[in-house]
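Below: the structure, in structure tokens.
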Amino acid sequence: MQPRLFNTLTRTVEPFEPMDGATVRMYTCGPTVHDYAHIGNFRAYVFEDLLRRVLKFHGWDVRQVMNLTDVDDKTIRKSRAAGLPLREYTARYTTAFFEDLDALRIERAEHYPAATAHVPDMIRLIERLIAGGYAYKSDDGSVYFRIERFPAYGRLARLDLSGLKPGARVAQDEYEKEHVGDFALWKAWDEADGDVAWDSPWGRGRPGWHIECSAMSMRYLGESFDIHTGGQDNIFPHHEDEIAQSEAATGRPLARFWLHCAHLIVEGRKMSKSLNNFFTLRDLLQRGWTGREVRYVLLGTHYRQSLNFTFDSLGAARAALRRLDEFRERLETVAAGASPGAAPEWAAGARAAFHDALADDLNISGALGVLFDLVRDGHRAMDANALAPAGAAAVLALLDEWDRVLAVLRPDGDGEEDGEAAVQELLRRREVARAARDWAEADRLRAEIAARGWIVQDTPQGPKLRRR
Ligand code: AMP
Ligand code: ZN
């Protein structure tokens, strides 16, 4: 079945196919590296990971870009409070972010561009907007987007702009709908910025948060791509502003599909730093939960439903994973190393049912339902001594196939990664280290790749691997 996805732009579920029929180009708003990410943030990243895996499972290639917001209002404020240079401050949380991704078994994106490494792209884009009459310089040397000039403004978030005061401006990166107005593309330096500033045609300053994503998505995915994702709080103002900036500059739709996950909530309120009701992944690991268990909780509720976080849900995840592990162990005993034969009759329809559920706007409850039906039927067959070794091996192969999408079925510390995939992973980590300007780590990874018999070639299209 062809995947169908809920598109925030149209508020309907639509059949999805990549524009070029082969590679899904997808942009994901990444972390603001001002602190450890909390598990609300990771709900968004796990949803995007599931999406990416389902698209790959369907047979398409995926080219995913996740930006690292390493300069914005928050990173500057907090690095100064910590008395550290911005770069040093954000590098710490960038490294922590990737450790957390690994613990949650989130597959690496193809690119992790850092905002500070793309300021010239942002300046060029702002120049384009000024030339087109979509942006203007204010007296203090900042540049604002003139929303009046862009009639489609508000379409994604369905804003009612009837009461809008023309020319009202908002300088902060984050603001409420009541403050809709011309938003900052470039912010003139002020004292609170300390030494964080770049030269621009408008004087020294720094980019606004929204322009970062417009510039980086264009750089890595072109002017128009397939999917743009984020959490629901990104719809306004961030994605609305991204659309305005990109589409005013190019005259083309930025992305065809916009996907947003609902929030992780705690006692009825969005988990967030500002409400101080958050847990980082580290908090949970310290309390003895595993990344696999946390992933299971974040994965298990449909992405468009809000997910209420409780410790009971972690306990339920632990129990569910134990059942899955016991089932696998029992199958392994029956299979006793046999090669997979024909799937047993009770498993025959499961493969398609699992696939169809996920193709239906990532219906995870449906897919997990198919999985647990299989567990129940499998135990029954084994209780009745009615499962042949080749049949058990076929069910194990099915579980492995499904785990390419779920990434929760394999127990921790189990299994050898296949050689090439492991090297690809090292290469991605090297890219990440380079984006964070961690040259020592990048060199170490290059050496590790070389030790496994591969050479990295840096090309204008990005790094390529070649066997030695
Ligand atoms: P930030 O680092 O604040 O830019 O957020 C990173 C990502 O986490 C964005 O895609 C947000 O939409 C998402 N996000 C933040 N809080 C939550 C939450 N409580 N539930 C789900 N997603 C969230
Ligand atoms: Zn973004």
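What follows is calculated from the coordinates using simple rules that are stated; it is not laboratory data. Everything quoted here is computed from the prediction, not taken from an experiment. Here the Cβ is made from the backbone with ideal geometry for all residues, glycine too, and neighbour counts use every protein chain on show.
Computed from Cα atoms, the angle from the helix 311-335 axis to the main principal axis of the chain rounds to 40 degrees. Spin-label model, residue 14/residue 390: points 7 Å from Cα along the beta carbon direction are separated by 4.7 nm.
Would you please state which residues of the stretch 29-66 a label at residue 23 would reach in this model, taking the label point 7 Å out along Cα→Cβ and a backbone N cut-off of under 11 Å? Residues passing the 11 Å test: 61-64. Put in order of Cβ neighbour count within 10 Å, fewest first, the listed residues 372, 145, 225, 16 become 372, 16, 225, 145. Modelled spin-label separation between residue 420 and residue 356, with each label point placed 7 Å from Cα along the Cα-to-Cβ direction: 3.3 nm.
Rounded to 0.05, the FRET efficiency of the residue 56 and residue 310 pair, given R0 = 35 Å and the Cβ-Cβ distance, is 0.65.
Given in Å, the Rg to one decimal and the Dmax to the nearest whole number for the Cα atoms of the stretch 236-342 are 20.9, 62. Between 0 and 90 degrees, the angle of helix 209-221 with respect to the longest Cα principal axis of the chain falls at about 60 degrees. 3J(HN,Hα) couplings calculated from phi for the stretch 429-439 with the Karplus curve 6.51 cos²θ - 1.76 cosθ + 1.60 (θ = phi - 60°) are, in sequence order, 5, 5, 4, 5, 4, 5, 4, 8, 6, 8, 5 Hz; Gly and Pro show x.
Segment residue 175..residue 138, full-extension length gain: 11.4 nm, with 0.36 nm per residue of separation and the alpha-carbon distance subtracted. Taking 20 °C and 1.002 mPa s as the conditions, I'd like the Stokes-Einstein D for the chain in µm²/s, using the Kirkwood hydrodynamic radius from alpha carbon pairs. The Stokes-Einstein estimate is 90 µm²/s.
Go ahead and run the numbers for FRET between residue 376 and residue 325, Cβ-Cβ distance against an R0 of 22 Å, rounding to 0.05. All intermediate terms of the calculation are to be shown ahead of the outcome.
On the way: r = 16 Å, r/R0 = 0.71.
Efficiency, rounded to the nearest 0.05: 0.90.
Pairs spanning more than 29 Å between alpha-carbon atoms, out of 74/177; 56/78; 187/273: 56/78.
Considering only DSSP beta bridges whose two residues both sit in the chain, what percent are antiparallel, to the nearest 5? List each step's numbers first, then the result.
On the way: 23 of 46 bridges.
Once the DSSP bridges in the chain are tallied, antiparallel ones form about 50 percent.
For residue 261, nonlocal amide neighbours, meaning residues 5 or more places apart or on other chains whose placed amide H falls under 5 Å from its own, are 230, 231, 232.
For the stretch 4-261, the alpha carbon convex hull comes to 119 Å³ per residue, rounded to a whole number. Between the beta carbons of residue 168 and residue 77, assuming R0 = 22 Å, the FRET efficiency works out to 0.35 to the nearest 0.05. The angle separating the long axis of helix 364-383 from the principal Cα axis of greatest extent in the chain is about 10 degrees. Applying the Karplus relation 6.51 cos²θ - 1.76 cosθ + 1.60 with θ = phi - 60° to the stretch 104-116 yields 3J(HN,Hα) values of 8, 6, 7, 5, 6, 6, 7, 9, 10, x, 9, 4, 5 Hz, where x marks Gly and Pro. Note that the stretch 247-261 has calculated 3J(HN,Hα) couplings of 6, 5, 6, 9, x, 10, x, 5, 9, 7, 10, 10, 10, 9, 9 Hz, one per residue in order, obtained from phi through the Karplus relation 6.51 cos²θ - 1.76 cosθ + 1.60 (θ = phi - 60°); glycine and proline are x.
Size of the stretch 420-467: Rg and Dmax of its alpha carbons, in Å, are 9.8, 27. Please report the net charge: other residues with Cβ closer than 12 Å to the Cβ of residue 120, K and R +1, D and E -1. Combined, the nearby Lys, Arg, Asp and Glu give -1. The ranking of 246, 224 by Cβ neighbour count inside 10 Å, starting from the fewest, reads 224, 246.
Within the stretch 269-406, the proportion of C-alpha pairs whose separation exceeds 23 Å stands at 43%.
Counting other C-beta atoms within 10 Å, which of 17, 212 has the fewest, and how do the rest follow? Write down the numbers at each step before the final one.
Details: 17 15, 212 28.
Ordered from fewest to most neighbouring Cβ atoms within 10 Å, 17, 212 come out as 17, 212.
With the simple spin-label model, which puts each label point 7 Å out from Cα in the Cβ direction, the residue 452 to residue 336 separation comes to 3.6 nm.
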